[in-house]
Amino acid sequence: MNKSFLSISSGVSSKVKSALIAAAVVAMTATPVAQAQTPKEISVWLHKAGSSDLYVKLLDEFNASQTQYKAVTLVGAGSTSGGSSYDDAVKAAAAANELPCVLDVDGPNMPNYAWGGFLQSIEEYATEEYRKDFLASTIDQGTYNGTLYAIGPSDSGLGLVSRRSVLESVGARIPKGIEDPWTLEEFNKVLTDLKATGKFKYVFDTQIAGASEFYTWAFSPILQSFGGDLIDRTDYQSAEGVLNGPEAVAALTWIQNLYTSGLATLTPPTPNNDFVDGVAAIGYYPSWKFGAYNTAFGDDLVILPQPNYGKGAVTGLGSWQFAITKNCSDPAGAWAVIDYLVSPEANKSVTDVTGSLPTRLSVAAQNPNWGPNGKMYILQQQLEKGVGRPRPITPAYPVITVAFSKAMDDIIKGADVQDSLDKAVETIDENIKENKGYPVQ
Amino acid sequence: MTAQTASLPKAKTGYRPSTLRNNQTLVAFLMSAPALIGLFMFVVGPLLLGFYWSTTDRRLISPLPTEDVGLRNYSDLLGLNIITIMPERDENGAIRRDENGAMVYPRTRTIVRSDPAYEGFSEWFALPLGENRVTVIAKDPVFMRALVNTFIFVLFIVPIQGGLALIMALLVNQKLRGIVFFRTAFFAPVVTSMAVIALVWMFLYNPERGLINEFLSLVSRSDVRIEWLNDVGTAMIAIVILSAWQSAGFQMVIFLAGLQGIPEELYEAARVDGASPLQQFWSITLPQLRNTTIFVVISTTILAFRVFTQVDILTKGGPQDSTVTLVLHAVNQGFRLQRIGYGSAVTVIFFIIVLFVAFIQRRVLRSENAVEG
């Protein structure tokens, strides 16, 4: 084999050689022309949600706006992480080295992916100057170990939602802003007073149907406001005493009582829509549902800040973001796609359609709902004035959310609070130990 | 298998290896290649890989190097221990009681954590024994529950689903106009995605407006509000009922084929002898369906062990692990908690159990059948 190969190569005449070189030159000069005609493909994965159609449309617009790149989009199933099919697919693809260039990731999962080594830093693209227009909470959510890996067009906030007429009928105080949220006693009284009116099938629509990540996003702020947390944030090595201490037990007992006392229900007649239908008096309000509420109640709608359960009010935050994977051979092209998706124009249309919180300050300022006179100003203020607390930014997050959701699910269905939280702590601590404390790589 | 081993020695003694025979072997391999390649790629390969991974601490996504851990995953799965917990006593030695008069015990967790010998264990279940509490602790109580739940599921679903399938087969075996419609209707759930069926049943099981509670209310003339999927006591029953309904159509078709293979003369002779329809069923139909029944029981058992989708969608193994199954535990550990090594160990144990059960079943049913034939 070797010998014959050598003889052929040595036998190549100078004529052939020059022909080859000529062909190579032609090929080289031809390449840019070919590129202009067939743009470079950038693969993009999106999770399936109400907003996916819009993102697909935005990516089509991106393709039409320039000729250098072509985003090839795939919308995967499942919207929530912590055991969703989208999250499963991403992990499987990561293990098989089959990830796309641009990946849509749920904010709190990013540190795990980054630690696993399959995301690229976007520091060089998202410069200090570039970040100035973004909400600090969005940049925090996208940063792991001092490096920015992900950025997105929307953030989220949490509060209570009700009708002015309903609250006034029981003489409840309506908080004006984030400075005077309800205290635990006030909130309890409002709930029991509303139940006593007998006008509602149940009082508090907690929107838990079919939820997994929602449990962590929406209920860990209550846990934190009671004084507990998902993990000890000093070194992210253990949840002992934090997730199963007396404060955490008090928080989860309070949540459990909502369901056992009939103030909330495990089986809403129309899942996640009972407040809009008038079946429930108060809704636990995720910012992205503003549109539906506003259409239903208009001027009667009131949005209230998160109650203070003892140690100050806390809101959940964070949303899906975009990251570039290690598999991507053309990070500049991937960034072009992301840059388009978080551009002020795209940011505006995303937040107009979904009602979620714009991450660009310039867009938020112009949005009538999020501005100082807007109905959602309270949620914006919560994030800006430090009421928001991100879900723990640690590679251990996937196990934390699985353990907490399971404990929460068992507890609201009647399990012993202390036992369930102890189990969650054991799951988390064992996992961290098994991963040698998730050492920074 | 038996045919192959029987013919091999004969071929060896009868012929010397010839080019013709070699060609035949080659052709045989070529023709079975598509099936063999598939078998090795998707069954044998992953199985061997699973065996290997179960002896490592391989993670799904991790920069940490994979290490061999020997049989640690298995000891973490199967570790069991029994401790006896005595009630708390006050300074006079009298047993402390709470406001309801029940004896107060120290928490199992406190005891387990105070003794390094019990590291990694937690409570599975406890039984009262006199004034003490005999507590079974396990390294992975969820695995133990999954094991028990899976067996309970199989134990219930095989007779329920098989019986339902036989009844449906008898019904659609009638020579009536439009019977094809009913055959199709009964078979339809089998070809419908389990995910879709699970969602539909989620509405049926809804305690407030679900069809099932409404029906029970109507029949019992009272307000039935069973929390089917949210109650530890009913969640597994709910899963069994929907699973039996979903897949009975498949067994129905097999029974139907069996029924149509029974010679009509047998029934004719019986009718001449004056046998009632019920007698005909017990003395002709059932014995003639013996082989069909064996196939149905074995295939249902093996399929039933794999229960996963409906549980994952409807209950995620809850409430309080009352519906967690072996496959769900394997997926949760391997994928969602990213412990591929540990998840592999679960699947290896699962494989051994299914193999063992299928083997026993074959032996038992075969020998009975042999006596008959």
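Laboratory data are not the source of any read-out in this text; all were calculated from the coordinates shown. What you see is a predicted model, and the numbers here were worked out from it, not measured in a lab. Backbone-built Cβ (ideal geometry, glycine too); neighbour counts: all protein chains shown.
The table that follows gives values for the structure above.
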item	result
Number of partner chain Cβ atoms within 10 Å, mean per residue of A:417-426	3
Principal axis dimensions, largest first and in whole angstrom, of region B:139-242 by Cα	58, 36, 24
Principal-axis tilt of helix A:213-226 within chain A, Cα atoms, nearest 10 degrees	50 degrees
Kirkwood estimate for region B:207-284, i.e. one over the average of 1/r between Cα atoms, Å	16.4 Å
Whole-angstrom Cα spans of region A:299-441 along principal axes, big to small	52, 48, 25
10 Å Cβ neighbours from other chains, averaged over peptide B:314-321	5
Trypsin sites (Lys or Arg not before Pro) within region A:51-141, DSSP loop, no more than 11 other Cβ atoms inside 10 Å	A:132
Estimated inter-spin distance, residue A:232 and residue B:276, nm [label 7 Å along Cα→Cβ]	7.6 nm
Three semi-axes of the equivalent ellipsoid, chain A, Cα gyration tensor, whole Å, largest first	49, 26, 18
Rounded, prolate or oblate (a/c below 1.5 giving rounded, otherwise prolate when a/b exceeds b/c) for region A:290-342 by Cα gyration tensor	oblate
For the protein assembly as shown, share of DSSP beta bridges that run antiparallel, in % to the nearest 5	75 percent
222 nm mean residue ellipticity, helices alone, for chain B (DSSP H n ≥ 4; -39,500 (n - 2.57); rounded to 500)	-19500 deg cm²/dmol
D_trans [Stokes-Einstein, Kirkwood Rh over alpha-carbon pairs] for region A:168-280, 25 °C, 0.890 mPa s, µm² s⁻¹	156 µm²/s
Inter-chain Cβ neighbour average for residues B:119-131, partner chain, 10 Å	1
Cα centre as origin, Lys/Arg/Asp/Glu Cβ charges: region B:81-147 dipole, Debye	200 debye
At R0 = 60 Å, FRET efficiency that the Cβ-Cβ distance of residue A:72 and residue B:91 yields, to 0.05	0.20
Directionally averaged shadow of the protein assembly as shown, computed from the convex hull of its alpha-carbon atoms, nm²	53.2 nm²
Farthest toward positive dipole pole in chain A [+1 Lys/Arg, -1 Asp/Glu at C-beta], among A:154, A:342, A:73	A:73
C-alpha center-to-center spacing [region B:217-251, region A:187-217] in angstrom	27 Å
Size of chain B as Cα extents on the principal axes (Å, biggest first)	86, 69, 40
Cβ-derived FRET efficiency at R0 30 Å, residue B:196 paired with residue A:345, nearest 0.05	0.20
Distance between modelled label sites at residue A:261 and residue A:54, nm, 7 Å Cα→Cβ extension	3.8 nm
Sorted peptide list for B:109-120, A:42-53, criterion being average Cβ within 10 angstrom, highest first	A:42-53, B:109-120
Antiparallel bridges, percent of DSSP beta bridges restricted to region A:36-152 (to nearest 5)	15 percent
Fraction of antiparallel bridges per DSSP, chain A only, in percent to nearest 5	60 percent
Compactness of region B:258-300, expressed as Rg and Dmax over alpha-carbon positions, Å	11.7, 37
In degrees, nearest ten, helix B:235-260 long axis to first principal axis of chain B (Cα)	10 degrees
Kirkwood hydrodynamic radius of region A:372-441, from inverse mean 1/r over distinct Cα pairs, in Å	14.5 Å
Rounded Å value of the spacing that divides the Cα centres of region A:43-76 and region A:223-272	38 Å
Efficiency of FRET from Cβ geometry, residue B:208 and residue A:295, R₀ 25 Å, rounded to 0.05	0.50
Region B:56-96: relative contact order in percent, alpha carbon pairs under 8 Å with at least 6 residues between	24 percent
Relative contact order (%) - region A:135-214, alpha-carbon pairs under 8 angstrom, separation at least six	14 percent
Debye, to nearest 20: dipole size of region B:29-133, +1 on Lys, Arg Cβ, -1 on Asp, Glu Cβ	280 debye
Viscosity 0.890 mPa s, temperature 25 °C, Stokes-Einstein D of region A:63-187 from Kirkwood C-alpha radius, µm²/s	134 µm²/s
Cα centroid separation - region A:329-353 against region B:315-329, whole Å	40 Å
Length added when fully stretched, residue A:64-residue A:352, from 0.36 nm per residue minus Cα-Cα	101.5 nm
Across A:48/A:201; A:48/A:348; A:91/A:132, pairs whose alpha-carbon gap is larger than 27 Å	A:48/A:201; A:91/A:132
Sequence ranges B:261-267, A:93-99, ranked by mean other-Cβ count within 10 angstrom, highest first	A:93-99, B:261-267
